[in-house]
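Please read the structure below before turning to the comments.
Derivation of every value follows stated rules applied to the coordinates shown; laboratory data play no part. The structure displayed is predicted, hence computed values, not measured ones. Positions of Cβ are backbone-derived with ideal geometry, glycine not excepted, and every protein chain shown enters the neighbour counts.
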Amino acid sequence: MERTILITGSAKGLGAALTRGLAKDGHQIAIHYRTSRQEAEETLAAIAKAGGKAAIFGNPLASLADGEKLVGEIIARFGKLDTLINNAGVFNRSRFGELTQAEWDEGWASTASAAFYATRAALPHLRGSGRGRIINIGDAKSDQPGLAEPAMSYYIGKVGLWMMTQTLAATEAPHRVTVNMISPGVLEESICSTPLAEMPMGRFSTPEDVLGPVRLLLKDSSGALTGSNLHVSGGWHLASLHANAINQAGSTKSLPDGTG
């Protein structure tokens, strides 16, 4: 059944790929952008050429008022909203000692804060639909808080988004709104410097890998699937977790007797 879907940060990258794929499935899409208007228009043109339904909405998503304005414009354009995909996020490669205040603020604001503002505004409409969906795009290590160099504020935002996912999954269940997270690993166009040799499957993940789980969560038959974190990393998050465990075990063995 057709859905009306807001995808934040969907002018380019993974968001644009999800937008094109879901529009091809017959859903009508609200393409959100913050500064990338040209890319948003290009994404819209590609969807229109393929016969899909979409519109673009520019908004900084920097306050609750911004969230209300964005959702209000979507309702005015489409008449409804039953799905929110919180995809926005600015990844800055600066390490902790190099992060400026602006970069620190941007990493957190573009992830957890933007999701908060969009979700608060969208919730009444998602509840009213009787089949609401919130899908938060996390990171393969969103549920494994630990080392975060570089892009610390971005990763802190993604960990916070996982906490938001679990909380809303519980509180929104009576309203038949499901809330889940999809956590990609290293995407093939990612600016992360992780080498291919560290990928257990011998390849990076792709937007199509992420699109599959999104389609699953949108199905009416997935109405009881909530509070989950679906890892789309080809096992990379497990490999890195295993490596950390080995390193910790090695450190423990080097301690004096009675302290490990």
- Message: Order these by the 10 Å Cβ neighbour count, fewest first: VAL90, VAL179, VAL232.
- Response: VAL90, VAL232, VAL179
- Tell me, THR83, THR35, THR119, THR111 in order of fewest to most beta-carbon neighbours within 10 Å? THR35, THR119, THR83, THR111
- Task: Just name one of ALA224, LEU64, PHE116: the one whose Cα is farthest towards the positive end of the charge dipole of the range 4-253 (beta-carbon charges, Lys/Arg +1, Asp/Glu -1).
- Result: ALA224
- Message: If every alpha-carbon in the range 4-253 counts as one equal scatterer, what log10 I(q)/I(0) does Debye give at q = 0.08, 0.15, 0.16 1/Å?
- Response: -0.30, -1.06, -1.20
- Task: Note the full-extension length gain between GLU198 and HIS175 as 0.36 nm times their separation in residues minus their Cα-Cα distance, in nm to one decimal.
- Result: 4.1 nm
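Relative to the Cα centre, what is the charge dipole magnitude of the chain, using +1 at the beta carbon of each Lys and Arg, -1 at the beta carbon of each Asp and Glu, and rounding to the nearest 20 debye? List each step's numbers first, then the result.
Details: 24 positive and 24 negative charges, 156 e Å.
The dipole magnitude comes to about 740 debye.
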- Query: Which of the peptides 59-70, 219-230 is most tightly packed, and how do the rest follow, judged by the mean count of other Cβ atoms within 10 Å per residue?
  - Reply: 59-70, 219-230
- Note on the structure: Long-range amide H partners of LEU230, meaning residues 5 or more apart or on another chain whose placed amide H is closer than 5 Å, are MET181, ILE182, SER183
- Message: Translational diffusion coefficient of the range 37-134 at 4 °C, 1.567 mPa s, Stokes-Einstein with Kirkwood Rh over Cα pairs, in µm²/s as a whole number.
- Response: 86
